[in-house]
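This report concerns only the one structure given below.
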Number of protein chains: 2
Amino acid sequence: MATKLPPEPLDWRIKGLPAAWHGDAADLAGAGLSVLNEDLMLPAAVLRRSALQHNSRWMQRFTALTGTQIAPHGKTTMSPELFAMQMADGAWGITAATAGHVRAYRAFGIGRIFMANQLVGRANIAYVAGELRTDPDFDFYCLVDSMHAIDLLEAGLAASPPGRRLQVLIELGLSSGRTGFRDDAEAVAAAERIAASPYVCLRGIEAFEGVVQGLEPTERDAKVDALLQRIVRLGEHCHDSGLFTGEPMLSAGGSSLFDRVAETFGAARKERPFFVLLRSGCYLIHDSHFYKQLIDQLEARSPIAASLGEGLRPALEVWAYVHSRPEPTRVIAGLGKRDIGEDVARPTALAWAHPGADAAPLPLSEAHRVVRLDDQHAYLDVPAESSLQPGDLIGFGISHPCTTFDKWKLLYIVDDALVVTGSIRTYF
Amino acid sequence: MATKLPPEPLDWRIKGLPAAWHGDAADLAGAGLSVLNEDLMLPAAVLRRSALQHNSRWMQRFTALTGTQIAPHGKTTMSPELFAMQMADGAWGITAATAGHVRAYRAFGIGRIFMANQLVGRANIAYVAGELRTDPDFDFYCLVDSMHAIDLLEAGLAASPPGRRLQVLIELGLSSGRTGFRDDAEAVAAAERIAASPYVCLRGIEAFEGVVQGLEPTERDAKVDALLQRIVRLGEHCHDSGLFTGEPMLSAGGSSLFDRVAETFGAARKERPFFVLLRSGCYLIHDSHFYKQLIDQLEARSPIAASLGEGLRPALEVWAYVHSRPEPTRVIAGLGKRDIGEDVARPTALAWAHPGADAAPLPLSEAHRVVRLDDQHAYLDVPAESSLQPGDLIGFGISHPCTTFDKWKLLYIVDDALVVTGSIRTYF
């Protein structure tokens, strides 16, 4: 997991790092620090290396079998080491959401960035234009979804010329949804304008199908398929009308419906030379709740996913102490909103251990449930017969990777005995 | 706002910083960067210097008039510059929640730390013991709420002797609440044990009254007053029984009921030599929703607070671009869960501006409402007649400081024209 970023000091800035330990990331990998032996200043977030490797290979095989490419959404982890792992395992590029992400990715040494967002704002446009001007190998894409947005981009690029046309994709969207043209005739007019522009060129058609949430699977899939078909039809029209520059891209982006994207765009690819780009951000880390349910559905739905055998594994856990058991059925643990996300659902208490050199994690029954998070505390309901006591360790599974990752500047890579064998940095 | 921490480079790691700008924090303060003139790579979080100064002086006057001391909870901001401002304005110390906080505060040069939490775990106890051993001036306090916790502390301190007794406070709690003894007889037994221990000494009685939430004010205040009275009675008993070491402390900790704490503990202080410690973390930053409502109540309830004139001001805003207006009543803005908290309520759209050298913010009607946050996008419902267009700026108020602060490594200090006049760092 090599990265071009110079090493940074590991010190008090890093949560979980033992105060008595000194060194760099290479020293940390070899120090034999054990979660279960209390070598870390818990709480700490750990990534199981076995799960990362399994998940990365899983997606490599999925894209190979479906003839798609992937630019994993980097917002999930913002980690140079994990980006390097994804690029080494065949990713075509890395997806960004903001100009700030682009700037971080450039510092990481990423040469191809798909910004799945509008590029808005004087300083943001000037920054990207400057990168394009100074690095002829920098391959950058972003989205447009209104004539007004094209006006703004053209004005920004005129003020800060990148020396080549900016590659854009037209974004389609859904009524009451996020960004993207609602009206396909307006999208065609925008495509024609882009094709004639001296500042921008049309490279593809795109949407974020993950905006469809809260529906039953059948209704959701029908709505998503209709959106994907709109992308195909607009892509076909733009291709047949000669509006594209280069190999035209069809892209969609979520972490739960990429099988539908691969199938629908794959069918269109048999008729025309489309480049199909997936952008899942969460497959590498996965989780113990939200994407677990969605990927279980995907594996049941997709013969190609099913053919890969074991599905994605949850890679991320946060380990913390029991601080108190003030009532027989109430445990308070030493982690909170500052350590683990709850935007989709509360964390899952997966396992516990009484710490020591020979400690091994034991499963926790489902009757151990996190019922509230404060900034730095978790409240659990537990059975009266639970063994948990102050000083015991609990490992928590996450409900959504993006909102746990951003709470850690460093995550510890561990083996399956929860001994630290490496680390990755994040830059949110 | 001086701090002992060495300066850190300002570069791509900092969200919002212009890519074309190079320098350190002092350069940033003098560069004249304007939010409204699009000098920053938005989104960016800004702190109004006028509000910070007003709020800091407000609390200085409140504690002076009530005869209390304050150790502001540092978890809100984790900012060395803001801690320095609070200490310069008379704070007695800084409150921490975790051993990791203690380690960061020590790096900031903080000499007195009140850890409003149990100190649990081998590496965590060893770290604090080491700090006490190597710095005779380090003044540290933490909580205990069970005999089991005392066992763990004594074992940890025996293994890593700090050279003096660890100062602890007994924590009381409420049924179905967070930590703290539910039974006052058990708390007395713990006090007696602590007083006789060679490892720990009893310095006071404490609770976190902010655990009482979701009740009507009358019911809430009655429950809080009963908890504060339990603290007073236990403090009186321990004082009269000679169980305390040094000047006994009574402390409670939230940001919304500190008037009740000051009044109840202040009355007890007339009878016995109690040191009354408040721990509000949010007064300095305040907000536009949650604490706004609670502090409005406090000002209506507390004659002393009312005597201070203007109450707390919201200091923090996040500014972002309109990215899209894909439907007449839907605006998508370029900020999300990664930039602003929504754990209490969604952000408030306060003001907007069409950017430029002469731009001035205009108020937004309440019909402009944030209805959803994705990781990097906000969805607003807007009136069909709203002026907002892609490229316009929106300033968002926050609903709770703690969960917005932790999304920024640097916040820009601005004057009331939103020109950058300084910056503060955070270390979450």
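Quick notes on this one:
- Qualifying positions in the stretch A:387-400 - open to solvent by 10 Å² or more (accessible area, probe 1.4 Å) and either part of a strand (DSSP E or B) or at pLDDT below 95 (or both): A:His400
- Taken over the stretch A:309-320, the residue count meeting the criterion of being surrounded by 24 or more Cβ atoms within 10 Å (Cβ to Cβ) and either at positive phi or away from chain B (no Cβ under 14 Å) (or both) is 4.
- The number of residues in the stretch B:368-386 being within 26 Å of A:Leu373 (Cα to Cα), in a strand (DSSP E or B) and within 11 Å of another protein chain (Cβ to nearest Cβ) comes to 5.
- One residue alone among B:Ala71, B:Ala99, B:Ala84 is hydrophobic (A, V, I, L, M, F, W, C) and either facing chain A (nearest Cβ under 9 Å) or without any contact (Cβ under 8 Å) to a residue 40 or more places away in the chain (or both), and that residue is B:Ala99.
- Being touching a Ser or Thr at 6+ places or on another chain (Cβ under 9 Å) and of a type in the set (Phe, Trp, Tyr) holds for only one residue in A:Trp408, A:Trp319, and it is A:Trp408.
- Only one of A:Ala349, A:Ala306, A:Ala300, A:Ala353 that is among the small types (Gly, Ala, Ser) and in contact with a helix residue (DSSP H, G or I) (Cβ under 6 Å, 6 or more places away or on another chain): A:Ala306
- Test: residue in the stretch A:48-67 that is under 16 Å from A:Gly422 (Cα atoms), within 14 Å of chain B (Cβ to nearest Cβ) and not in a strand (DSSP E or B): no
- Remark: pairs (first residue in the stretch A:121-146, more than 9 Å from chain B (Cβ to nearest Cβ); second residue among the β-branched types (Val, Ile, Thr); Cβ separation under 6 Å; 6+ apart in sequence or on different chains) = A:Phe140/A:Ile113; A:Cys142/A:Val168; A:Val144/A:Ile150; A:Val144/A:Val168.
- Residue count for the stretch A:401-428 satisfying the condition of being part of a strand (DSSP E or B) and open to solvent by 10 Å² or more (accessible area, probe 1.4 Å): 4.
- The one condition in (1) open to solvent by 30 Å² or more (accessible area, probe 1.4 Å); (2) touching a residue at least 40 places away in the same chain (Cβ under 8 Å) that B:Asp358 fails to fulfil: (2)
- Residues considered: A:Leu250, A:Leu215. Of these, the only one that is touching a helix residue (DSSP H, G or I) at 6+ places or on another chain (Cβ under 8 Å), surrounded by fewer than 19 Cβ atoms within 10 Å (Cβ to Cβ) and either assigned by TED's automatic domain parsing to the domain that holds A:Gln118 or without any contact (Cβ under 8 Å) to a residue 12 or more places away in the chain (or both) is A:Leu215.
Here is a yes/no grid of residues against (1) within 12 Å of chain B (Cβ to nearest Cβ); (2) within 21 Å of A:Ile413 (Cβ to Cβ); (3) over 22 Å from the mean Cα position of the chain (by Cα):
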{"position": "A:Val322", "(1), (2), (3)": "yes, no, yes"}
{"position": "A:Thr329", "(1), (2), (3)": "yes, no, yes"}
{"position": "A:Ala333", "(1), (2), (3)": "yes, no, yes"}
{"position": "A:Lys337", "(1), (2), (3)": "yes, no, no"}
{"position": "A:Leu350", "(1), (2), (3)": "no, yes, yes"}
{"position": "A:Pro363", "(1), (2), (3)": "no, no, yes"}
{"position": "A:Glu366", "(1), (2), (3)": "no, no, yes"}
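- Flag if A:Asp343 is among the acidic types (Asp, Glu), under 24 Å from A:Asp39 (Cα atoms) and outside any helix (DSSP H, G or I): no
- For the residues B:Val188, B:Val232, the requirement of being assigned by TED's automatic domain parsing to the domain that holds B:Arg269, closer than 23 Å to B:Trp92 by Cβ and among the hydrophobic types (A, V, I, L, M, F, W, C) singles out B:Val232.
- Residues located in the stretch B:270-292, provided they are open to solvent by 60 Å² or more (accessible area, probe 1.4 Å) and either at pLDDT 95 or above or closer than 25 Å to B:Ser34 by Cα (or both): B:Lys270, B:Glu271, B:Pro273
- In the stretch A:1-42, residue surrounded by the fewest Cβ atoms within 10 Å (Cβ to Cβ) [restricted to those that are away from chain B (no Cβ under 11 Å) and closer than 18 Å to A:Trp408 by Cα]: A:Pro7
The values are calculated or read from the model by the stated rules, or taken from the named source; none is laboratory data. Note that the coordinates shown come from a computational prediction; the quantities given were computed from them, not determined experimentally. FYI the Cβ positions are ideal-geometry reconstructions off the backbone, even for glycines, and counts take in every protein chain you see. Accessible surface areas use protein heavy atoms only, side chains included; no ligands, DNA or RNA. Shrake-Rupley method; radii C 1.70, N 1.55, O 1.52, S 1.80 Å.
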